[in-house]
Ligand SMILES: [Zn+2]
Ligand SMILES: [Zn+2]
């Protein structure tokens, strides 16, 4: 055992640090309640204005407030927030939450998202927070749904900042088809692959309700758009979205 391994084992055994290293740079973390090292936390690629008022992704024109994908495809979002740019440390953070068994990292960053959207004008209307569901096969593979962990954090962040508390609903939107991984596909291809991928259980629960959908990454918007369309067709009044990371328009 080399020195680093010995030290890590010591820390894990004595200070209850599971995964006691920074998931972005790999440095050992010495305090129990931190999830990234100070440097990486400071360097997270936070999204600054201007952003799309429908989906929250960064836009590059001062003369409009809706991004090109939302305008072009008429994406059905009534409000949106995205926390980080999907690049560098943002990508590593998502990968750590999804593939490296770090669900607590999702809750931690979700809390920051909750604190941020507590300031938005649309949050007060939200009745339900619904994470994008995984197909049961993938859920079993991973052991948890990363979007649900982010949603749990959002709820904590909201409840510390505003008096309303929407309900976290994980049984209403169901992934009924195990769709292939969508990396490298165009927007049209993604949308057609997803048609019919989601269904709604307990339709009566969402009638005329406003829903906040939560996903880890907003790329083309296809997954969130298909989920939103499914909920709206089933009787929801409005759908807003929150994503941990977003690709700029
Ligand atoms: Zn770090
Ligand atoms: Zn948009």
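Throughout, read-outs are computed from the coordinates displayed, never taken from laboratory work. Computed from a predicted structure; not experimentally measured. Backbone-built Cβ (ideal geometry, glycine too); neighbour counts: all protein chains shown.
Sum -39500 (n - 2.57) across every DSSP H segment of at least 4 residues in the chain, then divide by the residue count to get the 222 nm mean residue ellipticity, nearest 500.
Details: 9 runs with 92 residues, N = 249.
Using -39500 (n - 2.57) per qualifying helix, the result is -11000 deg cm²/dmol.
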Next item on the list: Taking the chain as the reference, fit the longest principal axis to its C-alpha atoms, fit the long axis of helix 88-99 to the helix C-alpha atoms, and give the angle between the two in degrees, 0 to 90, nearest 10.
Entry: 90 degrees
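I need the semi-axes of the equivalent ellipsoid of the chain: take the C-alpha gyration tensor, multiply each eigenvalue by 5, square-root it, list largest first in whole angstrom. Could the numbers behind the result be given before it?
Details: eigenvalues 193, 79, 69 Å².
Value: 31, 20, 19 Å, ordered largest first.
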Check: Cα axis of helix 146-159 to longest principal axis of the chain: angle in degrees, 0 to 90, nearest 10?
Finding: 90 degrees
Next item on the list: Using only Cα atoms, find the angle between the long axis of helix 222-233 and the longest principal axis of the chain, and express it within 0 to 90 degrees, rounded to the nearest 10.
Entry: 50 degrees
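Would you order 86, 81 from fewest to most other beta-carbon atoms within 10 Å of each residue's own beta-carbon? Display every interim value, and only then the final one.
Numbers: 86 22, 81 25.
Lowest to highest Cβ neighbour count: 86, 81.
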